[in-house]
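These notes are about the structure you will find just below.
The values are calculated or read from the model by the stated rules, or taken from the named source; none is laboratory data. Here the structure is a predicted model, which is why all the values come from computation and not from measurement. Heads up, the Cβs are rebuilt from the backbone with ideal geometry, glycines too, and the neighbour counts pull from every protein chain shown.
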Amino acid sequence: MKGRIHSLETMGLVDGPGIRTVVFLQGCRLRCAYCHNPDTWDCRKGQEIEAQVLVRKLLRYRPYFAKSGGGVTFSGGEPLLQPEFLLEMLKLCKQEGIHTALDTAGFGLGEYDEILQYTDLVILDIKHVSPEGYFSLTQGRMEEMLKFKAALDKTNIKLWLRHVVVPGITDSMNHMYKLKKIISEFKNVEKIELLPYHTLGVNKYKEMGLSYPLEGVEAMSKKRLRKLERYILSSSLHVIKGKEDYVDEKYA
């Protein structure tokens with residue numbers, strides 16, 4: 001079984017527990033306005049490699065991730081766009097006793113159930129809180145992510161949730177309130193992370209001759225992000241019956 005990968009990261013520290021070897025698979029159908037890896041979009045590019053060959057490479061790093069309780073994380077691009085290759089890799093990793101994590105936006109081809117059988121941890125990026133906002137930000141349909149959530153709901157897989165906070169787009173308290181409501185609908189959530197928007201990928205767009213969608217938007221303030229994190233991680237949801245919008249002045 002062959003697949004296409006963009007790159008490998010051998011000492012990942014943020015893509016799951018412990019030290020991780022991260023496999024970045026090639027291909028993504030979303031066009032997130034803040035994407036810093038546009039070179040992963042094209043499914044036809046990247047390095048073609050056999051699953052068995054890739055696993056042998058991964059095993060070279062087992063002494064590092066095994067001691068730390070780490071493992072292998074499949075990221076992208078969008079790893080779910082290569083479901084057969086991803087499934088084969090997950091199976092081979094589990095045969096070797098390797099902890100597996102899937103870093104995804106849940107935007108694949110609808111073939112999720114068997115993949116999740118061989119996944120120990122899902123790291124899910126929630127792009128937006130509404131179908132309209134989701135499409136505006138990513139050019140994709142939120143319905144596909146909800147299909148992935150439905151498959152995830154049938155499992156007991158541990159879950160990390162992530163959300164990129166972009167000034168003027170996803171940083172309002174009203175947005176955070178709706179995000180918190182969405183988070184409450186997931187099972188087995190171990191960790192919630194708000195990721196600050198940054199501009200580190202701008203040069204890639206220039207090199208590829210692409211216009212940058214968020215030209216002029218400044219990087220997210222760390223101080224503001226910490227305040228929003230406190231709200232997201234606070235125990236109370238502040239749900240008001242019949243009210244879709246809510247602003248908690250303490251965190252505004």
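How many residues are more than 14 Å from residue 3 (Cβ to Cβ), touching a helix residue (DSSP H, G or I) at 6+ places or on another chain (Cβ under 6 Å) and buried (at least 23 other Cβ atoms within 10 Å of the Cβ) when one looks only at the stretch 89-105? Explain how you work it out, then say what you get.
We begin by selecting, within the stretch 89-105, every residue more than 14 Å from residue 3 (Cβ to Cβ); these are 94-105.
Retained after the next criterion (residues that are touching a helix residue (DSSP H, G or I) at 6+ places or on another chain (Cβ under 6 Å)): 100, 104.
Now narrow it down to the ones that are buried (at least 23 other Cβ atoms within 10 Å of the Cβ): 104.
Summing the residues that are more than 14 Å from residue 3 (Cβ to Cβ), touching a helix residue (DSSP H, G or I) at 6+ places or on another chain (Cβ under 6 Å) and buried (at least 23 other Cβ atoms within 10 Å of the Cβ) in the stretch 89-105 gives 1.
So in the stretch 186-214, with the set limited to residues that are in contact (Cβ under 8 Å) with a residue 12 or more places away in the chain, of a type outside the set (A, V, I, L, M) and out of contact with any helix residue (DSSP H, G or I) (no Cβ under 8 Å at 6 or more places or on another chain), which one is farthest from residue 33 (Cα to Cα)? Out of the qualifying residues, it is 188. Scanning the stretch 89-102 for residues that are charged (D, E, K, R) and assigned to a helix (DSSP H, G or I) gives 91, 94.
For residues that are among the β-branched types (Val, Ile, Thr), over 14 Å from the mean Cα position of the chain (by Cα) and closer than 18 Å to residue 31 by Cα, scanning just the stretch 125-184, find the one that is surrounded by the fewest Cβ atoms within 10 Å (Cβ to Cβ). Walk me through it before giving the result.
Filtering the stretch 125-184 for residues among the β-branched types (Val, Ile, Thr) gives 126, 129, 138, 155, 157, 164-166, 169-170, 182-183.
This time we only want the ones that are over 14 Å from the mean Cα position of the chain (by Cα), so: 129, 155, 157, 166, 169-170, 182-183.
Retained after the next criterion (residues that are closer than 18 Å to residue 31 by Cα): 129, 166, 169-170.
Details: 129: 21, 166: 21, 169: 18, 170: 23.
The selected residue is 169.
Residue 73 meets the conditions (1) over 30 Å from residue 203 (Cα atoms); (2) buried (at least 19 other Cβ atoms within 10 Å of the Cβ); (3) of a type outside the set (Asp, Glu); (4) in contact with a Lys or Arg (Cβ under 7 Å, 6 or more places away or on another chain) in every case but one. The failed one is (1). Just a yes or no: is a residue in the stretch 228-241 at pLDDT below 90, at positive phi and surrounded by 11 or more Cβ atoms within 10 Å (Cβ to Cβ)? There is at least one residue in the stretch 228-241 that is at pLDDT below 90, at positive phi and surrounded by 11 or more Cβ atoms within 10 Å (Cβ to Cβ). Scanning the stretch 41-64 for any residue that is within 20 Å of residue 200 (Cβ to Cβ) and out of contact with any helix residue (DSSP H, G or I) (no Cβ under 9 Å at 6 or more places or on another chain) turns up at least one such residue.
Looking only at residues in the stretch 114-156 that are β-branched (Val, Ile, Thr) and touching a helix residue (DSSP H, G or I) at 6+ places or on another chain (Cβ under 6 Å), which one is farthest from residue 34 (Cα to Cα)? Across the stretch 114-156, the extreme among qualifying residues is 155.
Surrounded by 13 or more Cβ atoms within 10 Å (Cβ to Cβ) and in contact with a Phe, Trp or Tyr (Cβ under 8 Å, 6 or more places away or on another chain): is that true of residue 122 in this structure? Give the derivation first.
On the way: surrounded by 13 or more Cβ atoms within 10 Å (Cβ to Cβ): yes; in contact with a Phe, Trp or Tyr (Cβ under 8 Å, 6 or more places away or on another chain): yes.
Here the answer is yes, as residue 122 does meet what is asked.
Within the stretch 1-44, being over 16 Å from residue 86 (Cβ atoms), assigned to a loop (DSSP other than H, G, I, E, B) and within 16 Å of the chain's Cα centre (by Cα) holds for 13, 14, 17, 30, 31, 32, 33, 34, 35, 36, 37, 41. Among the residues of the stretch 76-88, is any in a helix (DSSP H, G or I), modelled with pLDDT of 95 or more and among the charged types (D, E, K, R)? Checked the stretch 76-88: at least one residue is in a helix (DSSP H, G or I), modelled with pLDDT of 95 or more and among the charged types (D, E, K, R).
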